[in-house]
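Presented below is the structure to which this report refers.
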Amino acid sequence: MERKRYNAKRPIDYLKDSLNQIILIKVKRNRLFRGRLEGFDEHLNLYLEETSQIFEFQDESGNINEENEDLGSIVVRGDNVIFVNLASD
Amino acid sequence: MERKRYNAKRPIDYLKDSLNQIILIKVKRNRLFRGRLEGFDEHLNLYLEETSQIFEFQDESGNINEENEDLGSIVVRGDNVIFVNLASD
Amino acid sequence: MERKRYNAKRPIDYLKDSLNQIILIKVKRNRLFRGRLEGFDEHLNLYLEETSQIFEFQDESGNINEENEDLGSIVVRGDNVIFVNLASD
Amino acid sequence: MERKRYNAKRPIDYLKDSLNQIILIKVKRNRLFRGRLEGFDEHLNLYLEETSQIFEFQDESGNINEENEDLGSIVVRGDNVIFVNLASD
Amino acid sequence: MERKRYNAKRPIDYLKDSLNQIILIKVKRNRLFRGRLEGFDEHLNLYLEETSQIFEFQDESGNINEENEDLGSIVVRGDNVIFVNLASD
Amino acid sequence: MERKRYNAKRPIDYLKDSLNQIILIKVKRNRLFRGRLEGFDEHLNLYLEETSQIFEFQDESGNINEENEDLGSIVVRGDNVIFVNLASD
Amino acid sequence: MERKRYNAKRPIDYLKDSLNQIILIKVKRNRLFRGRLEGFDEHLNLYLEETSQIFEFQDESGNINEENEDLGSIVVRGDNVIFVNLASD
């Protein structure tokens, strides 16, 4: 059987389309970051600027609020990433 | 003993048949995503569009309901994936 | 000392004998799948058709029952697999 | 400093001596298997025939008993293995 | 489809800009280090001088205080790193 | 900058000096083995003979006692090892 | 974009400066070792002599005391290491 070639773009190729744009990164141990993607590699290591870590909590009325901590520029090690939520056009 | 060649398709080859179709992805830490598969690679990194994360819960009558959170386009890092439920034809 | 050659078949070679047959897959986090093996690779990534996930529970009389959820075709990422129970001839 | 050559056999070489013999395999998450070793590779993936999974429990008198579940032929993924107890001659 | 080249800098390239500067490192198991970055590699192994480990705690008035333990020069193994907070210019 | 050569022996080289001698192996999930080292490789896979697993417990007087379970010959998969306590000369 | 060369020393290079000196090693699962560094490799596998494992505990007055267990010569598998605290000159 001949080995098929994939014509589909690789997931990592799609990150390129979000360069210089705001993305959300869901990380293990329930962390959530929002920042501007300025660099990445094939391990899903990410470099973000103007990043904030988002803490979601429920207030007394049951509404979900978020609090942000400004982090500035961070390098996230790829093996912590669960998924990256890309910028919508 | 001569090393056998596998005539069977590799699991990753079957993902190709689900490109542009809706799949379910079961992820570690009890996460469930539904989205349209638009890209993947050999690590099982996945690129999905029109994705929603599905939260299943039991209501008071004991029925299982689901709530969805729309995520848009996401890149899932492959090492989080337990299994991918392919589109049925 | 000269390095011995193994004449034994590799574990992965035995999976070939179960192609197109029903196997059981025990997966981390206490998951159990039953399905027809249609593809695999050296990472123990598996492609199964007509798969059901099996939930075992004890009823009031202490008997062990199982409930099945039909999943259809799935790709299991190999690093989740504890062991594969091959089809008996 | 010159790099020493190891004259010692590699651990994996010793598995060869146990081919076609009964071994015990202690696996993560407290699993114990007993079976006849018919295949292995350098990742410590193991192929066993006439395998039983052993459940040890303490009875009311404080004695340790075991219950066995027959599994037949299984492929154990090597990264689950803690240690293999080789056949004594 | 032709494979795109990434013009974006890799995340690891950005660490270079923080050499000889104070950075924060968030590490698994809730550890936080502050130190002067004097060396790193592609695994995100880091060499820091004048490092202190930071322990954050809430006092009786609900304010978050930190206590520091001076560690001097340390080598952090990269696989423990969640993210590195780079020096702001 | 020119890359330094390490004149220091590699940790694995020191295992060679303990061949045919009794060593202690501390393994994840709080396991402790004592046995005669007869083989090892670069992954720290170990082959031991006349091995016993050691269970330490505190008796009613607060003294720490140990109980041993004889295991004979075992192959320990290296990724379970925390440290190896070498034979003292 | 041209790929930058790093002029910074790699973290592993700094370990060389601590050869034959006393270092502290913080290991996963809350273990702490103190010993004389006599060998290491690129995985951060470490060979230490005159090692003691340090147990820290709080006494009744709230002071932190330590108890030491002498281990002699040990090989620590690198993937357990969180950080190495180098000898200060």
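The values are calculated or read from the model by the stated rules, or taken from the named source; none is laboratory data. Because the structure is a prediction, the values reported are computed rather than measured. When we count neighbours, we look across all protein chains shown, and the Cβ atoms used for this are built from the backbone with ideal geometry, even at glycine. In case anyone asks, the SASA skips ligands and DNA or RNA and just uses the protein heavy atoms, side chains included. Shrake-Rupley method; radii C 1.70, N 1.55, O 1.52, S 1.80 Å.
Rounded to whole Å, give me the distance from the Cα center of the stretch D:7-60 to that of the stretch E:22-52. Cα centroid of the stretch D:7-60 versus Cα centroid of the stretch E:22-52: 41 Å apart. In this rough spin-label picture, where each label sits 7 Å from Cα along the Cβ direction, the residue C:69-residue C:54 distance is 1.7 nm. Across the protein assembly as shown, the convex hull enclosing all Cα atoms gives 230 Å³ per residue.
What is the stretch G:29-89's relative contact order, in percent, from Cα pairs under 8 angstrom and six or more apart in sequence?
Working: 96 pairs, mean separation 18.8, N = 61.
In percent, rounded to a whole number, it is 31.
How much of the accessible area of chain E, probe 1.4 Å, is carbon plus sulfur, in whole percent? Can you show the working numbers first?
Values: 1870 of 4660 Å².
Heavy-atom surface of chain E belonging to carbon and sulfur, 1.4 Å probe: 40 percent.
Using a 1.4 angstrom probe on protein heavy atoms only, the contact between A and B buries about 2300 square angstrom of accessible area, both sides summed. Chain G has one residue whose beta-carbon comes closest to the axis relating it to chain E; that residue and its distance in whole Å are G:79, 8.
Peptide B:64-71 has a mean of 1 when you count, residue by residue, the C-beta atoms of other protein chains within 10 Å of its C-beta. If exposed GluC sites (Glu not before Pro) are those in a DSSP loop with at most 11 other Cβ within 10 Å, what is the longest stretch of chain B that has none? With GluC sites (Glu not before Pro) excluded where exposed in loops, chain B gives B:3-59 as its longest stretch. Taken one residue at a time, the phi angles of the stretch B:22-32 give Karplus couplings (6.51, -1.76, 1.60, θ = phi - 60°) of 7, 10, 10, 10, 9, 10, 3, 6, 6, 9, 9 Hz. Gly and Pro are set to x.
Would you mind checking the pairs D:9/F:16; B:9/D:26; A:9/C:28; A:28/B:26 and listing those with alpha carbons more than 22 angstrom apart? Pairs exceeding 22 Å: B:9/D:26; A:9/C:28. Taking the Cα centre of the protein assembly as shown as origin and assigning +1 to Lys and Arg Cβ atoms and -1 to Asp and Glu Cβ atoms, the resulting dipole is close to 3460 debye.
Expressed per residue, the C-alpha convex hull volume of chain B stands at 143 Å³.
Converting phi to 3J(HN,Hα) with the Karplus coefficients 6.51, -1.76 and 1.60 and the offset θ = phi - 60°, the stretch A:9-14 yields 5, 6, x, 5, 5, 6 Hz in sequence order, with x at every glycine or proline.
Karplus-derived 3J(HN,Hα) values for the stretch E:55-72, using 6.51 cos²θ - 1.76 cosθ + 1.60 with θ = phi - 60°, are 10, 9, 8, 9, 8, 4, 7, x, 6, 8, 10, 10, 10, 10, 10, 6, 10, x Hz; glycine and proline are entered as x.
Only helical DSSP H runs with n ≥ 4 go in: add -39500 (n - 2.57) per run for chain G, normalise by residue count and round the 222 nm mean residue ellipticity to 500 deg cm²/dmol. List each step's numbers first, then the result.
Numbers: 1 runs with 6 residues, N = 89.
When only DSSP H runs of four or more count, the value is -1500 deg cm²/dmol.
For the segment C:35-42, counting C-beta atoms of other chains within 10 Å of every residue's C-beta and taking the mean gives 4.
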